[in-house]
Amino acid sequence: MQVVKDAVGTKGPRVATKLSLPGRNIVLMPTAAYIGMSRRIEDEEERARLHALAQELCPQGMGLIVRTAAIGQDRETLEADLRYLLRLWESLSARCGVLSAPALLYRDADLAVRVVRDLLTEEIDRFLVDDAETYRHVRDLVSYTSPSLAGRVEWYEGGTPLFRAYGAEEELETLTDREVELPSGGFLVIDRTEALTVIDVNTGKFVGSSNLSDTIYRANMEAAAEILRQLRLRDIGGIIVVDFIDMDEETQKESLLDFLRERAKLDRTKTNIIGITQLGLVEITRKKSRQNVESILYADCPCCHGSGRVESPETVAIRICRDIRRIEERSHADFGYEVEVHDTVAYALMDSPLVDRLASDLGVKIGFVIKPGMHPESYAILQRGNGRV
């Protein structure tokens, strides 16, 4: 079985029995006999040419998917890709006969190889690498898979770190910001939930120089371009709902949707612009197959477990008082109680009349000990002289 979608949130990974091995120009499907084509190959003549080539090359009982990178490639190039993938499949089949289940037979290539395979195309002018071993590896790989692009792989010799020199560090630092500023002065607010991602468009300081309708339209068009960019950068998948600024003219709404659909074609991940709901919200779906940037960069907070909230000190103080009453119902503490708590809870207890009333009702003394590093919702109640309860 092959994992085709990583575990996301509370959902486990998705697996398939129809295996696929990706190459630069084609994908080999050893257990599925059909020919597929990338949706981004739009020229009908080119689609027909590549489909015919794939049918000629496809081994009996297997299938092929022609990737976008195959546009303009000749038979020899596709054949070389296929030979490599067939050798890989033979190797995996041999390992399968030796290993005992469960066992890992194949893992996708490392990052450098995937970037060369999936992103290095004729549209790329320069491919900069600042690690010597990676540079040699990439040069050898490109020389084998795409000799015409080998000259575009360059060794970076600058004194400033590569990511800093090209502004990548700054971009990475903003990838998890809730608010994204727009050049005109407006901004986006991006909120994620388990089920979907919600994006709100705000004009902010953008006032425009013409009438209100045109100002809103321009703000929405600028936001639309940035939204699709953020979806790619953050690798946000699933259901996306966008609350654009309300527009009255139907022509402007249609123009916005047309713009979104055209820009969505630039995304390598399948993205569909569904339309505008009766509430004026734009619905978008984007294929989700792996963890997004946020889940890779961050782990859930050990205090709130990702909810963004913990119980207030007053709430914890009330729970402590209730627990002490329950303990007293079982056994009276002759020497009173000592409660170990977070400092914020200790101050809440000291300022609360609940404690004095409780001590008076039960006829016991209650003291508090601040424990540095204790979880804000945790506490320990000790009966003095009797040990921990």
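Worth pointing out:
- For region 114-123, a residue qualifies if it is surrounded by 12 or more Cβ atoms within 10 Å (Cβ to Cβ) and of a type outside the set (Ser, Thr, Tyr), and the qualifying residues are 114, 115, 116, 117, 118, 119, 120, 122.
- Residues in region 353-389 that are in contact with a Lys or Arg (Cβ under 9 Å, 6 or more places away or on another chain), open to solvent by less than 80 Å² (accessible area, probe 1.4 Å) and in a helix (DSSP H, G or I): 358, 359, 362.
- Of all residues in region 288-297, those being part of a helix (DSSP H, G or I), open to solvent by less than 70 Å² (accessible area, probe 1.4 Å) and not polar (S, T, N, Q) number 1.
- Taken over region 336-352, the criterion of being in a helix (DSSP H, G or I) and either open to solvent by less than 10 Å² (accessible area, probe 1.4 Å) or among the acidic types (Asp, Glu) (or both) is satisfied by 343, 345, 346, 349, 351.
- Scanning region 313-344 for residues that are closer than 30 Å to residue 191 by Cβ and either touching a residue at least 24 places away in the same chain (Cβ under 8 Å) or among the charged types (D, E, K, R) (or both) yields 313, 314, 316, 342, 344.
- Scanning region 85-107 turns up at least one residue that is touching a helix residue (DSSP H, G or I) at 6+ places or on another chain (Cβ under 8 Å), more than 18 Å from residue 144 (Cβ to Cβ) and either surrounded by 11 or more Cβ atoms within 10 Å (Cβ to Cβ) or among the β-branched types (Val, Ile, Thr) (or both).
- Identity of the residue in region 228-260, free of Cβ contacts under 8 Å to residues at least 40 places away in the same chain and hydrophobic (A, V, I, L, M, F, W, C), that ends up farthest from residue 272 (Cα to Cα): 247
- Residue count, region 243-274 (criterion: open to solvent by less than 50 Å² (accessible area, probe 1.4 Å) and in contact with a Lys or Arg (Cβ under 8 Å, 6 or more places away or on another chain)): 5
- In region 48-95, the residues that are among the aliphatic types (A, V, I, L, M), at pLDDT 90 or above and under 15 Å from residue 30 (Cα atoms): 54, 57, 62, 64, 65, 66, 82, 85, 86
- The set of residues from region 298-312 being open to solvent by less than 100 Å² (accessible area, probe 1.4 Å) and either of a type in the set (A, V, I, L, M, F, W, C) or closer than 17 Å to residue 190 by Cα (or both) comprises 299, 301, 303, 304, 306, 307, 308, 310.
- Hits in region 15-60 - residues which are part of a strand (DSSP E or B), surrounded by 14 or more Cβ atoms within 10 Å (Cβ to Cβ) and not small (Gly, Ala, Ser): 21, 22, 26, 27, 28, 29, 35, 37
The values are calculated or read from the model by the stated rules, or taken from the named source; none is laboratory data. This is a predicted model, so every value here is computed, not measured. Counting neighbours? That spans all protein chains shown, and the Cβs are built from the backbone with ideal geometry, glycine included. Surface areas here come from the heavy atoms of the whole protein model, side chains and all, with no ligands, DNA or RNA. Shrake-Rupley method; radii C 1.70, N 1.55, O 1.52, S 1.80 Å.
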